[in-house]
1. Here are Gly29, Gly64, Gly84: which of them is touching a residue at least 60 places away in the same chain (Cβ under 8 Å) and in the same structural domain as Ala359 (by TED's automatic domain parsing)?
2. Name the residue, out of Val249, Val203, that is under 24 Å from Val116 (Cβ atoms), away from the ligand (no atom under 13 Å from the Cβ) and in a loop (DSSP other than H, G, I, E, B).
3. Could you figure out which of (1) at pLDDT below 95; (2) within 20 Å of Leu109 (Cα to Cα); (3) out of contact with any strand residue (DSSP E or B) (no Cβ under 8 Å at 6 or more places or on another chain) isn't true of Gln148?
4. Any residue in segment 213-225 that is part of a loop (DSSP other than H, G, I, E, B), free of Cβ contacts under 8 Å to residues at least 60 places away in the same chain and within 16 Å of the ligand (Cβ to nearest atom)?
5. For Ala101, which of the numbered conditions (1) within 29 Å of Val319 (Cα to Cα); (2) of a type in the set (A, V, I, L, M); (3) within 19 Å of the chain's Cα centre (by Cα) fails to hold?
6. Residues of segment 308-337 being out of contact with any helix residue (DSSP H, G or I) (no Cβ under 7 Å at 6 or more places or on another chain) and more than 21 Å from Lys224 (Cβ to Cβ), which ones?
7. When Ser6 is evaluated against the numbered criteria (1) in contact (Cβ under 8 Å) with a residue 40 or more places away in the chain; (2) within 28 Å of Val249 (Cα to Cα); (3) over 23 Å from the mean Cα position of the chain (by Cα), which criterion, by number, is the only one it fails?
8. Is at least one residue of segment 167-187 within 14 Å of the chain's Cα centre (by Cα) and within 16 Å of the ligand (Cβ to nearest atom)?
Amino acid sequence: MRSAGSSLPDFPWDSLAEVKAVAHAHPGGVVDLSVGTPVDPVPAAIRDALASVSDIPGYPQTHGTPELREAAVGALRRRHGVEGLERDAVLPTIGSKELVAWLPRLLGLGPGDTVVIPELAYPTYEVGALLAGAQVLRADSLLALGPQRPALIWLNSPSNPTGRVLGVEHLRKVVEWARERGVVVVSDECYLALGWESEPVSVLHPSVHGGDLTGLLAVHSLSKSANLASYRAGFVTGDPALVAELLAVRKHAGMIVPRPVQEAMTVALADDEALATQRERYARRRAVLQKALQDNGFRIDHSEAGLYLWATRDEDAWVTVRRLAERGILVAPGTFYGPRGNRHVRVALTATDERVEAAAERLAE
Ligand SMILES: Cc1ncc(COP(=O)(O)O)c(C=O)c1O
């Protein structure tokens, strides 16, 4: 029997082991900017919410509590101008990575289907297509697709790794093109709240779809916006029919967000102040790292939003990764995200202020 894993690429982070050891050997300790893992506290109100329902012995609902779904609809309306979303068209997920990895399978895609992913992309889009036995096509434009009719198109704005934002016009064109061909468009919006030099727009914004949600899904995560990566908290929403399909399969498969996490999510989605505080932290760190990189031989491309700086010295990505590791700074080579990333590195904003200052000092040495 062929294992599912045998069709998957090597786990990219494993190849960082050697440079990781070099960075960790720095006398001042490592500054790890290679993974976008939050380092700031989980807000007290969220921890209280988690604890407040720790004595519920029964199974939780796969669909999430009505309060959680309502909170998600409210957050998208207040924070991102999304109107017309049905409460029942919200489905909590165990973080968004599992949904990304299983979505093509959950929607019934298989051999013969094509999944379009960005040229430079979060690796799990490819993994999800391969787990379903579908084909992967990397493309950033509809022109590049030619006459093909894929089953599903992934969008990711702001992008991991480049920080690029897709404008309303671009989103609208993709949605129109997909709608004419019955193609599902899924927008991974886990960095939507982190716009710096441009304002990211949800695929569910009325200016994009003109009031018709058919064939559209948006994937959201609370990992970065509310420091809840360890809780595993996300949701998917959009076309009520597609969400109902996902709910039906996930009920059978036991893909349920734990009840205490549902409560924590409900509180987090209502707390715009905590989100603003977190944004300020990332904005400060971004300014320090951006200046330090630009002052010391790097060019930064895109990066107008999101949690990363997409930086280059116009040399091979691994040369840059090694050079930085020798200064105790760990970053990810752009090749983790696609062949076109071979001359960039991805620098995450997720380190403490103290570590970010240390990185800036070392870059200037
Ligand atoms: C683009 C993108 N999508 C999804 C995820 C998954 O996030 P989580 O599973 O924590 O919600 C990440 C995590 O870094 C990401 O960068």
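The values are calculated or read from the model by the stated rules, or taken from the named source; none is laboratory data. Quick caveat, the model's predicted, so the values are computed rather than measured. Methodologically, a virtual Cβ is constructed for each residue, glycine included, from the backbone with ideal geometry; neighbour enumeration extends over all protein chains shown.
1. Answer to the selection: Gly29.
2. Val203
3. (3)
4. yes
5. (1)
6. Thr312, Asp314, Glu315, Asp316, Trp318, Val319, Thr320, Arg323, Leu324
7. Result: Ser6 fails condition (1) only.
8. yes
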